[in-house]
Amino acid sequence: MHYISYMAIRCFLLSMVAVMLFCASAWAQEAQKPNIVIIGTGGTIAGVGKSNANVSAYQSAVLPIDTLIKALPEITNIANIKMEQIFQMGSESFNNERLLKLTRRVSELLKSKEVDGVVITHGTDTMEETSYFLNLTIKSEKPVVLVGAMRPASALSADGPLNIYNAVIVVAHKDSAGKGTLIVMNDEIHAARDVTKTSSVKIETFRSLYGPLGTIVEGTPRYYRLPARPHTIQSEFDIDAIDTLPEVNVVYAHENMSRVPYDALVAAGTKAIIHMGVGNGSVADYITDALKEVRAKGVFVVRATRTGGGIVVRNGEINDDQNDYIVTDDQNPAKARILMALALTKTTNTKELQEIFWKY
Ligand code: SIN
């Protein structure tokens, strides 16, 4: 009898030690995993169609972020995940106020020792603008990745789940630190500055003029190039120092265009107009005076190209020095709007504004 109770106590103690060892190892594994916050903003990635055959006609921004993440238990093997729903909208509805709100929240999260990186689910339509703004204003080397989808969550072969999985892999990986804000889509990793959405429907819509920074293969990001222009901690722009953004608008040039949009924007109080010109940001002979008047009224003129590539040559056919115009370098007009708005928070000197375009 005495011997039996001795054995029972021994078994009990041994099993307690085993449970403690198991708990300690599980705790150590959790502690080793990075802490990632996933912020939901809406977009197609959270979209739902009438049937699973609706891959391009659907309602965007329907499913909350926790529903999207619950469907992906695999990511809990990679990171400890927390979620926040900051907006639930199509990305076409981003404006300066919403951009500032999102960026301030990302900045606040990254300042915490408890957060190792942030993933933002975002509509693909304006993802390139939001990511560029974050790239220029967030003072942290911790990885920030924007991710979206071209097919709604309900679609056959929805691309959202793998894109989110890859985004978490990229944020969790040590090689992703210090590379600025990234966009992860379709197994590719793009630098915020260079990437553009190039198709309204295709899965392979995101292209970078100089190629992606890297790719994700079997759960590992592989980088092949680095962003050349300053970003995040090297940038002179800081979200903590920005209260509001000045109004900057884009006018798209075409044959037989009207001067009405220029005059209307000046009358509405815009601070700068991005002239999205044909070719080398050219200006029609019947628009030349309108543009000169814009500048004479104190509104900055920034010449961009609608071609989708190449740089806008300063003082080529148009005398930018004489007209006090700015050229965009190779920035697309939507990104030029972001950069000009930020630049105007620093200076209203045309030469300095031009330097900012050459630098970033
Ligand atoms: C959006 O940008 O919100 C809609 C389109 C998309 O996410 O692909």
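With just the Cα atoms defining each centre, how far is region 135-197 from region 243-309? Give it in Å.
Region 135-197 and region 243-309 have Cα centres spaced 32 Å from each other.
Where the only charges are on Cβ atoms (+1 Lys, Arg; -1 Asp, Glu), what is the dipole of region 34-234 about its Cα centre, to the nearest 20 debye?
Rounded to the nearest 20 debye, it is 340 debye.
Would you mind working out the magnitude of the charge dipole of the chain relative to its Cα centre, with +1 at each Lys and Arg C-beta and -1 at each Asp and Glu C-beta, to the nearest 20 Debye?
Using only the charged Cβ atoms, the result is roughly 680 debye.
Please report the Cα spread of the chain along all three principal axes, rounded to whole Å, starting with the longest.
108, 45, 36
Quick check: the distance between the Cα centres of region 327-360 and region 64-113, to the nearest angstrom?
28
How compact and how long is region 34-234, expressed as Rg and Dmax of its alpha-carbon atoms in Å?
Expressed in Å, the Cα Rg and Dmax of region 34-234 come to 15.1, 47.
Less than 15 Å Cβ to Cβ from ILE273, Lys/Arg counted +1 and Asp/Glu -1: what total charge do the surrounding residues give?
It works out to a net charge of +2.
Just list whichever of LYS197/LYS297; LYS174/LYS197; LYS70/LYS197; LYS113/LYS351; LYS101/LYS359; LYS33/LYS335 have alpha carbons separated by over 30 Å in the model shown.
The pairs that break the limit, which is 30 Å between Cα atoms, are LYS197/LYS297; LYS113/LYS351; LYS33/LYS335.
How compact is region 89-166 by the rule of thumb for globular proteins, expressed as Cα Rg over 2.2 N^0.38 Å?
Dividing the Cα Rg of region 89-166 by 2.2 N^0.38 Å gives 1.15.
Taking the Cα centre of region 247-359 as the origin, how large is its charge dipole in debye, to the nearest 20, when only Lys and Arg (+1) and Asp and Glu (-1) carry charge on their Cβ atoms?
That gives region 247-359 a dipole magnitude of about 340 debye.
Would you mind counting up the charge near ASP66? Only other residues with Cβ under 11 Å from its Cβ, with Lys and Arg at +1 and Asp and Glu at -1.
Net of charged neighbours comes to +1.
Please sort through the DSSP H helices of the chain and keep those with an alpha-carbon extent of at least 30 Å along the long axis and a Kyte-Doolittle average not below -1.0.
Once both thresholds are applied, what remains is 2-32.
Take THR205, project a point 7 Å from its Cα along the Cβ direction, then tell me which residues of region 280-314 have their backbone nitrogen under 16 Å from it.
Backbone N within reach: none found.
Counting only DSSP beta bridges with both residues in the chain, what percent are antiparallel, rounded to the nearest 5?
30
Can you tally the net charge around VAL248? Count Lys and Arg as +1, Asp and Glu as -1, for every other residue whose Cβ sits under 12 Å from the Cβ of VAL248.
Net charge around VAL248: +1.
Just want the answer: with Cβ charges of +1 for Lys and Arg and -1 for Asp and Glu, which residue in GLY219, THR244, LEU265 is farthest toward the dipole's positive end in region 166-288?
GLY219
Output the Cα-based Rg and Dmax of region 218-330 in Å, rounding Rg to one decimal and Dmax to a whole number.
According to the Cα coordinates of region 218-330, Rg and Dmax are 17.3, 57 Å.
What is region 140-269 by shape, rounded, prolate or oblate, if you read a ≥ b ≥ c off the alpha carbon gyration tensor as root eigenvalues and call it rounded for a/c under 1.5, prolate for a/b larger than b/c, and oblate otherwise?
Here region 140-269 falls in the oblate category.
Percent of accessible area on the chain owned by carbon and sulfur, 1.4 Å probe?
55
Among DSSP bridges having both ends in region 34-234, what percentage is antiparallel? Round to the nearest 5.
So the antiparallel bridges amount to about 40 percent of the total.
Using Cα positions and a limit of under 20 Å, work out the aspartates and glutamates in reach of LYS50, with same-chain residues fewer than 8 apart set aside.
Within the straight-line limit of under 20 Å, LYS50 reaches these aspartates and glutamates: ASP159.
Would you compute, from DSSP H runs of 4+ residues alone, the mean residue ellipticity of the chain at 222 nm, taking -39500 (n - 2.57) per run and dividing by the full residue count, rounded to the nearest 500?
Theoretical 222 nm ellipticity from helices: -10000 deg cm²/dmol.
Based on the alpha-carbon gyration tensor of region 266-360 and its eigenvalue square roots a ≥ b ≥ c, which shape applies: rounded if a/c is under 1.5, prolate if not and a/b is larger than b/c, or oblate?
In terms of gyration-tensor shape, rounded.
I need the chymotrypsin sites (Phe, Trp or Tyr not before Pro) found in region 83-177, filtered to DSSP loop residues with at most 10 other beta carbons within 10 Å of theirs.
In loop regions of region 83-177 (DSSP not H, G, I, E or B), there are no sparsely surrounded chymotrypsin sites (Phe, Trp or Tyr not before Pro).
So for the chain, taking the charge dipole from beta-carbon charges (+1 Lys/Arg, -1 Asp/Glu), which of VAL48, LEU209, ASN166 sits furthest toward the positive end?
Working it through, the farthest residue towards the positive pole turns out to be ASN166.
In the chain, with Lys and Arg counted as +1 and Asp and Glu as -1 at Cβ, which of these residues, VAL184, LEU110, ASN256, has the Cα nearest the positive end of the dipole, that is, farthest along it?
Final value for the positive-end residue is LEU110.
The values are calculated or read from the model by the stated rules, or taken from the named source; none is laboratory data. None of the values given here were measured: they were computed from a predicted structure. Neighbour counts run over all protein chains shown; Cβ positions are idealised from the backbone, glycine included. For the accessible areas, the whole protein counts, side chains as well, though only heavy atoms, and no ligand, DNA or RNA atoms are used. Shrake-Rupley method; radii C 1.70, N 1.55, O 1.52, S 1.80 Å.
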